[in-house]
Structure formats: C-alpha cells, structure tokens
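Below is one structure; the comments refer to it alone.
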Amino acid sequence: SKKRAKGRELEFIIQEMQRELTTISQKSTSIKIIKKTIKLRNIVEQLKEQVRNIE
C-alpha cells in the first residue's frame, strides 16, 4: 500500500540520519557537538517510533 511505501521511505531517511549522527559524534572532538548529537539521536529515535506507527 501507499502508506506502507511511505513508511519504508521514512525509515530509510531516519536510518541515514542515524548514520550521519553517529559519524559526526565519532569524528568530533568537541563535547558540545557530541552532546548535541546525542540529543538529536534521541529525537531521531522518537521519529523512528512514530514512523513504525504509520505501517
């Protein structure tokens, strides 16, 4: 269904966001940036839960 396809597309985008945030936090030497990426990862995790509800 279209709803399921959109859910999969959003899951892919969220997965890419998670990868990018992981890369940023691993390469950063700034505590401030690391803390911000942790907050963003938590937000992205919440988005992931919302997307699961679409399917």
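Bear in mind that the values in this text are calculations on the coordinates, not laboratory data. Just so it is clear, the model here is predicted, and its values are computed rather than measured. No Cβ is skipped: glycine too gets one built from the backbone with ideal geometry, and neighbour counts run over all protein chains shown.
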If R0 = 30 Å, then Ile31 and Glu9, at their Cβ-Cβ distance, give a FRET efficiency to the nearest 0.05 of 0.30
Pairs beyond 30 Å (Cα-Cα), from Lys6/Lys32; Lys6/Lys39; Lys6/Lys27: Lys6/Lys32; Lys6/Lys27
So if I place +1 on the C-beta of Lys and Arg and -1 on the C-beta of Asp and Glu, and nothing else carries charge, what would the dipole magnitude of the chain be about its Cα centre? I want it in debye, nearest 20. 100
Of the listed peptides 3-15, 26-38, what is their order by residue-averaged count of other C-beta atoms within 10 Å, with the highest listed first? 3-15, 26-38
Cα long-axis angle, helix 2-27 against the chain (0 to 90 degrees, to the nearest 10): 10
